[in-house]
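Below: the structure, in structure tokens.
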Amino acid sequence: MQRFAWRVTELETGLAFLVFFPFPAGVLVFLAGRASEKRERNARGVREESAGGRPGTVLLAACAALELLVMTLVSYFGMGSGQRVSLDIADVCGLGLHFTLDGFRAVYGCVAAFLWLMAALLSGEYFRGRRRVSRFYLFLLWTLGAAMGVFLSADLYTTFVFFEIMSFTSYAWVAQEETGPALRAAATYLAVAVTGGLVMLMGIFLLYHRLGTVVIEELPGAAEACGEKAVLYAAGACLLTGFGAKAGAFPLHIWLPKAHPAAPAPASALLSGILTKTGIYGILILGCYLFPQDRAWSHMILALGAATMFGGAALAVFSVDLKRTLACSSMSQIGFILVGIGMLGMPQGSGNAQYRLLAASGTFLHMVNHSLIKLVLFLAAGVVYMNAHALNLNAIRGFGRKKPLLKAIFLTGALAIGGIPLFGGYVSKTLLHESMAEYGGGGLLRALEYLFLFSGGLTVAYMAKLFAAIFVEKNRDPALQEKYDRREAYMRPASVLALAGSGTALLVWGLCPHALMEKAAGLARGFMRLEEAGHPAAYFSLGNLKGSLISVGIGAAVYLVFIRRVLQNRSGEYVDAWPGWLDLEELVYRPVALYALPWILGVACRVLDSVADWLVVGLRKTLYRDSPLPRERTEGNALTAGLGRTLNAFQGLGNRTWRRKNPLHRDYVHLAAVKNQQFRETNRIIQRSLSFGLLLFCLGLALTLLYLIWW
């Protein structure tokens, strides 16, 4: 018994280490990098900053490797003990911080640490010769700690705290280059993240006010006992807004296609692979704990998933930028995952509940698959950018024709995300498709199934476009193509290790669906509140292969008929045919936030100001009407009159003595009254401004309190 208690204590220390170690480690890496930069500048006699120094890169990789090791050990011993490991830190902002470990969190914690390690290995070469790299390493590790805090959180308040930390630390990734597009993309990212976070906080307030708890494990019982479903839907909508903004779900996806191209490739891999999954983690909590088997909620998630899935795929087909295409692809794959969450929450009909098991496994496995796939693809894109210093498909065309290692690694990611058999994406998409087929349903679900297959076909089409442009076609500039072909040493050993390690992990993961993928899905099933094991899926049956072949056929047709003939001009160059006016940020969000909303609020404030003035005037003319005084002064008051008479007497004395030749004749009684009136007017203006601000604040506070009391 003492041994078990010791083990639990050690595991709790491990949980604390996973969450909080990256914060001081980031400071250490930053200081080591800055010291190395200073030594290099002094040695070379130049003022420019270097690549952050080898010590910073080595320490970053070491910290990520240590995080992966501790996560693996804590997961192994924690799951082996048969007990859920928890860590409670009381008296932090009133509610405290609470962490826990289960199968889902253990697997995804390991995936996150692995992605950070691979990104750290590539970052040394990627940032070679660049500025402010130590700052990037600092925020890279801080974001790792925040992401671990989100995935290991045991209550929504802890989730929110680390969610917001992650939003601010990852902002530095997007703004790292400090160019105009990068800063604009970072501003959009931060605006969406902060707005979503504030709306999410409102949802947490509503839940805590109505249910009395925000502990994740206590939500199902509290929600079932709550008779006011409208309040739960309102809170759920607020939380969905915050989580959906981070996940990149439609229509809050506007940051995603712009932040990924602006951010460095290692950061893009993590933004797409991990940070979007923190949003999915929150949406899973809503579906499994707050609205389990709720038809209305599930239909809403399915609709959001369908729009996100198809919208992202369409944007990727039209894109002519490598990283933007991968970013839009991330949006589309998030849509596939949302469809799985929607199917997981559908109420059971007359048949069995096998569809829920399929949806749960497919959702979790597609989350892991997408994380590993985007790690491979974005790191490969980083290698292309390091050498070609461009991302436009016309500029990087033909870069990888004579680079077999890079070609094989990129092809592994492309086949996996396209859902080709023998690769991981095929397994998870097959499970998601089977869940829809198993559930049956009416025409809407059948239409969703067709859209699912068509979106899968678009995935095949845009990945075929990327692979053909980079690794098959020749560049239109023969001199540039010759330069690409002669470049043999295009990666250093650390970068080779990062890409080869990521590609190998993805390949082995996909080739072992029963030995690896099903066991991982089984570990995650408890988090989704499913205890049944379900029967093993026949992944390579004719029916499942048929769905994949349909998507591949659609993708081939879209690539050959649309991309090759419509999105390429007569000279063979790729053209950006997407209408610029369809940019939601420029079409809706910025006009509303920068023009419409300030104008509406300004008019409202002016109306309130006028109402306050009319109220004061009305009271002065009625209840507080001025009454004449027995000895009312024409101007000023007793103080100004006394001061003025004193100054007049002093002026008369001067006129009779030292100013006899140049006498002064000023009415200081009047001047004192005027100065007093000016002072009172200025003071009144200040008081009105302060009172008006306080009035608006009190009005907003009162409306919020009334809303909480009413609901």
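Structure notes:
- Meets criteria (in a helix (DSSP H, G or I) and out of contact with any Asp or Glu (no Cβ under 6 Å at 6 or more places or on another chain)) for Ser502: yes
- When Val674, Val607, Val669, Val616 are checked against the criterion of being of a type in the set (A, V, I, L, M), under 56 Å from the mean Cα position of the chain (by Cα) and modelled with pLDDT of 75 or more, Val607 stands alone in meeting it.
- Of the candidates Ala494, Ala390, the single residue that is under 29 Å from the mean Cα position of the chain (by Cα), free of Cβ contacts under 8 Å to residues at least 40 places away in the same chain and farther than 23 Å from Cys512 by Cβ is Ala390.
- Taken together, the residues in the range 454-476 that are in a helix (DSSP H, G or I) and buried (at least 19 other Cβ atoms within 10 Å of the Cβ) amount to 16.
- Inside the range 88-125, residues that are part of a helix (DSSP H, G or I) and β-branched (Val, Ile, Thr) make up a count of 2.
- Count - residues of the range 497-510 that are surrounded by fewer than 13 Cβ atoms within 10 Å (Cβ to Cβ) and either touching a Gly at 6+ places or on another chain (Cβ under 9 Å) or of a type in the set (D, E, K, R) (or both): 0
- Sole residue being within 60 Å of the chain's Cα centre (by Cα), closer than 30 Å to Val616 by Cβ and either modelled with pLDDT of 75 or more or acidic (Asp, Glu) (or both), chosen from Glu681, Glu635: Glu681
- All positions within the range 200-218 that are in a helix (DSSP H, G or I) and either out of contact with any strand residue (DSSP E or B) (no Cβ under 9 Å at 6 or more places or on another chain) or among the basic types (Lys, Arg) (or both): Met200, Leu201, Met202, Gly203, Ile204, Phe205, Leu206, Leu207, Tyr208, His209, Arg210, Leu211
- Taking the listed residues Phe136, Phe163, the one that is more than 16 Å from the chain's Cα centre (by Cα), under 28 Å from Ala25 (Cα atoms) and in a helix (DSSP H, G or I) is Phe136, with no other qualifying.
- Pairs where the first residue, in the range 667-679, is open to solvent by less than 50 Å² (accessible area, probe 1.4 Å) and the second is among the hydroxyl-bearing types (Ser, Thr, Tyr), C-beta under 9 Å, 6+ apart: Val669/Thr640; Ala672/Thr640; Ala673/Thr634; Ala673/Thr640; Asn676/Thr640
- Which numbered condition Ala408 misses (of (1) more than 30 Å from Glu473 (Cβ to Cβ); (2) part of a helix (DSSP H, G or I); (3) open to solvent by 10 Å² or more (accessible area, probe 1.4 Å)): (1)
- Just one of the listed residues (Leu507, Leu497) is over 30 Å from Gly342 (Cα atoms), at pLDDT 85 or above and in a helix (DSSP H, G or I), namely Leu497.
- Residue among Ala494, Ala556, Ala521 that alone is aliphatic (A, V, I, L, M), within 18 Å of Val368 (Cα to Cα) and open to solvent by less than 50 Å² (accessible area, probe 1.4 Å): Ala521
- Helices (runs of 4 or more DSSP H) wholly inside the range 225-281 containing at least 1 residues that are farther than 19 Å from Ala316 by Cβ, open to solvent by 10 Å² or more (accessible area, probe 1.4 Å) and in contact (Cβ under 8 Å) with a residue 24 or more places away in the chain: 229-247
- From the list Leu198, Leu219, the one residue that fits, being open to solvent by 20 Å² or more (accessible area, probe 1.4 Å), among the hydrophobic types (A, V, I, L, M, F, W, C) and over 13 Å from the mean Cα position of the chain (by Cα), is Leu198.
- Checking the range 568-576 against the condition returns no match, with no residue being surrounded by 12 or more Cβ atoms within 10 Å (Cβ to Cβ) and in a helix (DSSP H, G or I).
- Tally of residues being within 25 Å of Val215 (Cβ to Cβ), touching a helix residue (DSSP H, G or I) at 6+ places or on another chain (Cβ under 7 Å) and of a type outside the set (S, T, N, Q) across the range 162-201: 11
- Matching option when the condition is at pLDDT below 70, surrounded by 13 or more Cβ atoms within 10 Å (Cβ to Cβ) and within 60 Å of the chain's Cα centre (by Cα), among Leu623, Leu696: Leu696
- Qualifying residues in the range 168-194 (those that are among the polar types (S, T, N, Q) and at pLDDT below 85) - the one surrounded by the most Cβ atoms within 10 Å (Cβ to Cβ): Gln176
- The number of residues in the range 411-447 being within 32 Å of the chain's Cα centre (by Cα) and assigned to a loop (DSSP other than H, G, I, E, B) comes to 6.
- Of everything listed in (1) closer than 29 Å to Ala464 by Cβ; (2) in a helix (DSSP H, G or I); (3) of a type in the set (A, V, I, L, M, F, W, C), the single unmet condition for Met491 is (2).
- Residue that is open to solvent by 50 Å² or more (accessible area, probe 1.4 Å) and either part of a helix (DSSP H, G or I) or modelled with pLDDT of 85 or more (or both), where the choices are Glu48, Glu12: Glu12
The values are calculated or read from the model by the stated rules, or taken from the named source; none is laboratory data. No experiment lies behind these values; they were computed from the predicted model shown. Every residue, glycine as well, gets a Cβ built from its backbone with ideal geometry; the counts of neighbours run over all protein chains shown. Remember, those area values only see protein heavy atoms, side chains included, never the ligands or the DNA or RNA. Shrake-Rupley method; radii C 1.70, N 1.55, O 1.52, S 1.80 Å.
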